[in-house]
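Let me begin by handing over the structure; questions about it come next.
Every number in this text was worked out from the coordinates using simple rules, so none of it is lab data. Everything numeric in this text was worked out from a predicted model, so none of it was measured. Cβ placement follows ideal geometry from the backbone for every residue including glycine, while neighbour counts extend to all protein chains displayed.
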Amino acid sequence: MAWVGILGLVRLRLIGLSLFTIFVIVVYGWRSPAVDLSIPFHPHPLPPSLEQWQDPTDSGDYFDQIAPPRFGHLVWSSFPVRVYIESPTDPGAENWRDLVLDAVMDWNPYLPIEVIEDSDRAEIQIFRRRPPLQPGNLRASSAEARYQLFKAITGKDSYILGHRFTIWLSPTQSGKYITAATRHEFGHALGIWGHSPTETDVMYYSQVREPPPISPRDVNTLRRIYEQPTQLGWLNVRAQEPE
């Protein structure tokens, strides 16, 4: 598995009860497969859980607020999505993993999720740590989600474009704000690369005093994202052509 040099992140800063998010794409020196025209742009079949989803409230979505990277939407095409959650042992973290696990599994009715103990096999990793500082920006974050692209080698000169996510949750968060931050960040990791303008949605751009559950608008947006074309999960075309 060869890693390529693209890193994406969503940074959340807590100031009182305000939650601000900044999107940053850091491109290293290697050529990005995002502009590799040998990888097709196609939608993947909807997972059954999203295909069968029906909004009882007909409440719409915020798909117009989602800004995918150049290679397409950050969707998963193989299920269940494997998730690793750190088990911290430091004082004050006794119920941290349980809170995070509950928030992660809130998304399970919509996309199949499997929590595993091997972090190396996980597609999404969650840690109880302060997010790393970025060069030129020394302000600490309270939560952050980053993705990395990689080429999964399938044969000579052939590969599938894949991605992995890492989520950091600051130890300074507690109680319901751990749950809220996990739900929100995990929504990014499942593919919602943007924010809702409505405070009753989990993906609202600012933290509220009473964090909401996942809303029908969140799920409607997730479904629309999974209906879109992407390069992720597809074999490069050259590998499909006969010699």
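What is the distance, in nm, between label points placed 7 Å from the Cα along the Cα-to-Cβ direction at SER87 and at ALA67?
Each label point is offset 7 Å from its Cα along the Cβ direction, giving 4.0 nm.
Ranked highest first by the average count of other Cβ atoms within 10 Å around their residues, in what order do 119-125, 208-214 fall?
Most protected by this proxy first, the peptides run 119-125, 208-214.
Work through the residues other than ILE116 whose Cβ is under 13 Å from its Cβ and net out their charges, Lys, Arg +1 and Asp, Glu -1.
-4
Work out from phi, with θ = phi - 60° and the Karplus expression 6.51 cos²θ - 1.76 cosθ + 1.60, the ³J(HN,Hα) of each residue of region 229-234, listed in order in whole Hz, and give x for Gly and Pro.
With the stated coefficients, region 229-234 comes to x, 7, 8, 5, x, 10 Hz.
How many angstrom lie between the Cα centre of region 185-237 and the Cα centre of region 83-97?
25
Tally Lys and Arg at +1 and Asp and Glu at -1 over the other residues with C-beta under 15 Å from the C-beta of ASP55: what net charge comes out?
Net charge in that neighbourhood comes out at -3.
Obtain the nm distance between the two label points defined at SER59 and SER119 by a simple spin-label model: each point lies 7 Å from its Cα along the Cα-to-C-beta direction.
3.6
So what J values fall out for region 118-123 if you push phi through Karplus, 6.51 cos²θ - 1.76 cosθ + 1.60 with θ = phi - 60°, rounded to Hz, Gly and Pro as x?
Working through the residues one at a time gives 9, 5, 5, 8, 6, 8 Hz.
Hey, another quick one. Tell me the net charge near PRO213. Cut-off is 14 Å between Cβ atoms, PRO213 excluded, with +1 for each Lys or Arg and -1 for each Asp or Glu.
-3
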